[in-house]
1. List the residue pairs whose Cβ atoms are under 6 Å apart, where the first residue sits in the range 95-112 and is part of a loop (DSSP other than H, G, I, E, B), the second is open to solvent by 80 Å² or more (accessible area, probe 1.4 Å) and not hydrophobic (A, V, I, L, M, F, W, C), and the two are 6 or more positions apart or on different chains.
2. Specify which of the listed residues (C254, C269, C231, C263) is farther than 30 Å from N170 by Cβ and surrounded by fewer than 17 Cβ atoms within 10 Å (Cβ to Cβ).
3. Name the single residue that is farthest from N164 (Cα to Cα) among those in the range 96-153 being in contact with a Leu (Cβ under 9 Å, 6 or more places away or on another chain) and aliphatic (A, V, I, L, M).
4. Does C274 count as outside any strand (DSSP E or B) and either farther than 18 Å from D300 by Cα or over 51 Å from the mean Cα position of the chain (by Cα) (or both)?
5. Does K334 satisfy the condition of being within 30 Å of C305 (Cβ to Cβ) and either assigned to a helix (DSSP H, G or I) or open to solvent by 70 Å² or more (accessible area, probe 1.4 Å) (or both)?
6. Does A469 meet the test of being over 16 Å from P400 (Cβ atoms), surrounded by fewer than 16 Cβ atoms within 10 Å (Cβ to Cβ) and touching a Gly at 6+ places or on another chain (Cβ under 8 Å)?
7. Looking only at the range 432-456, which residues are open to solvent by 70 Å² or more (accessible area, probe 1.4 Å) and either touching a His at 6+ places or on another chain (Cβ under 8 Å) or in contact (Cβ under 8 Å) with a residue 24 or more places away in the chain (or both)?
8. Output the qualifying pairs, or none if there are none: Cβ atoms under 6 angstrom, residues six or more apart or on different chains, first residue in the range 491-502 and buried (at least 18 other Cβ atoms within 10 Å of the Cβ), second residue among the small types (G, A, S).
Amino acid sequence: MKYFYSAVILGVLLEKFVLVQTICGKGNDCIFHDWLEWESCTGACGSQSQKRQREFCCPDAVEPKDFPHCLANCSLPNDEAHVGSQKRNCLHCFHGHNYGANTCKCDPGYKGKCCEDLVKCSDNPCKHGTCTDTNATFVCNCDRGYTGVDCDTPITCSDTPCQNGGTCTNQGGSFRCTCPNTHKGNVCQTAITCSDTPCQNGGTCTNQGGSFRCTCPNTHKGNVCQTVKSCTDSPCQNNGHCINTGLAGFSCMCPYTHTGVVCETVTKCTDLPCAHGTCTDTSTGFTCVCDTRFTGHLCDRRIQCTANPCVHGTCSLLPSGYNCHCEEKYTGNKCESPIRCTSSPCQNGLCSDSPTGYNCACDVKHTGSKCDTLVQCSSSPCVHGTCADTSSGFNCTCAPRYVGVKCDALKTCSSNPCQHGTCTNTPAGFKCTCDARYTGMTCDTLITCTASPCQHGTCTDTPAGFVCACENLYTGDRCDRPRTCSSHPCVHGACSDTASGFKCSCDATYTGMVCDTLITCASSPCEHGTCTDSPTGFVCTCGSSYAGIKCETVLVTDEESELLLPEWFPYLEYVLLSLASLIGLMALGCLCLKCCQVFGAKNDDDDDDDDDDADEDDNLRKYRRDSIFPLDHQDSVYPRDRPKPKVFNKRIGMEF
């Protein structure tokens, strides 16, 4: 089998050729391929040159792989027809472009065979203007009607006013210049210096006279490092092989001894070159000490499987060596070392060392010798709940009174199970005493009006639960407690507690169970007068003989100044009348006795009795019934519809 190799420098035999990953055909003859493109023209003006190269095949068995040995083994003479690279003279214009094969057309402001020299005022560059030398070059102050770097162009809109290679674009009645990367200004008249940061892609700028020079990185070229290099620029150093990558430029395949974009850096241990081994830095690079199963400069090739290399495991044969598959509790290249807890073998549990290795105490969701197997619902892990398998293992949905990964622990009040209530711990777990509007084991269910919670009131459902509008005599969230005077129910009146709740004695202008209703003229409150409604209740305008809030009081005149007696006095009247009748009968009896005495039927000893009877008759005559009137204290004692005397409600003199 043969591979492509490429020569780099004409006349110098390479000690080692770069391997090109293209397989050659069979046979021992060298095969030369087409020439690659000519590289850039470099060198001082007058001695510039450029080179090109081509690839050729060399048998794989040839050692060493240098140009003479390859040619010899291919039976080819070492002559000009069988070379890998060529060189020729060329002309590179530093500040301009080629005008023919050996002629440069210089950019404005430059002169010389290679456009390498700056034009100065001593060269009389200004054709129609005055010249001023600067550090970079010269500047022409053009005469009126002329433009251009040399003031040699009459100004017109179509006469290319842009200087120094600028591109002109008409804009209305004027123009706009797009300047090259070496100049700036409205007509590209000012040379750019390093202060303008002209170098692109990380290039380093150095001022030179009135201009600048860019030192480009390894990946770019051009006067401002604007162009990505390609393989024709031979960017890869230290025998690196270049591959063109299209728009991205190129890529270098470096030998193991070097690294970097263009293989410019000696490989060190910091570059981690040893794939399976230990690295040591040396004066010329690094050295790898390989692991037991690997070999090669970079420890990247496996050693073949030998006789029973795996102490506690099985050996697998591979094309390039062997590999040991260790038993569960062993490790090492040859499975010779017991695994200890220091290597953290237990993935989801606690580890303890033993003479034969380690033991794992797994967490509740894992099992296996390394706690690396998820427990599934098939093993019924949920003690008091339902199980569901997930990507992270089983998941238990616990019964209401249980908690824990496996639902194996009773809930307590410490877990705050009662959502809307107070919690009490019991031997059987927690117990919730729910707030008035909630029910359920954990007080998580809103009570609604369908449960008829309002005992003495009307119910309304809200997002926060039922709300009771209580009857006047009841209070509480459920209208289940009789109201008392402590809740101040009487709005306009005095309150007194009763066995069934409370009772209100309303102010004169209010009525209702809780004295919250103004009395109006519609209820005819004025007994002896006219009524007028007001914002604070009715107002009575009483007749001339009446007074009081309701005109219920009779005014007393001088003619009606009799003594008024208590309203219970009529009953006394009846008693006295009865007593008077009895006394009358007794007097009549005494009179009869007197008669008897006259006619001899009675002794004179009874004269005193007769005097007494006469006195009693006088008292009876003095009794004035018409001057006794009852007082209207309460309708139940003296009905309201009974005719009243003129001075009925007046109390003059002593009240009984």
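1. Partner pairs satisfying both residue conditions: Y99/K105.
2. The match here is C269.
3. Out of the qualifying residues, it is A101.
4. Details: outside any strand (DSSP E or B): yes; either farther than 18 Å from D300 by Cα or over 51 Å from the mean Cα position of the chain (by Cα) (or both): no.
So C274 does not fit the description; no.
5. Details: within 30 Å of C305 (Cβ to Cβ): yes; either assigned to a helix (DSSP H, G or I) or open to solvent by 70 Å² or more (accessible area, probe 1.4 Å) (or both): yes.
Yes; evaluated as a whole, the condition is true for this residue.
6. Working: over 16 Å from P400 (Cβ atoms): yes; surrounded by fewer than 16 Cβ atoms within 10 Å (Cβ to Cβ): yes; touching a Gly at 6+ places or on another chain (Cβ under 8 Å): yes.
Yes.
7. D435, R437, M441, D444, Q455
8. G493/S505
The values are calculated or read from the model by the stated rules, or taken from the named source; none is laboratory data. Source: prediction; values computed, not measured. Backbone-built Cβ (ideal geometry, glycine too); neighbour counts: all protein chains shown. Areas reflect the complete protein model, heavy atoms only, side chains present, ligands, DNA and RNA absent. Shrake-Rupley method; radii C 1.70, N 1.55, O 1.52, S 1.80 Å.
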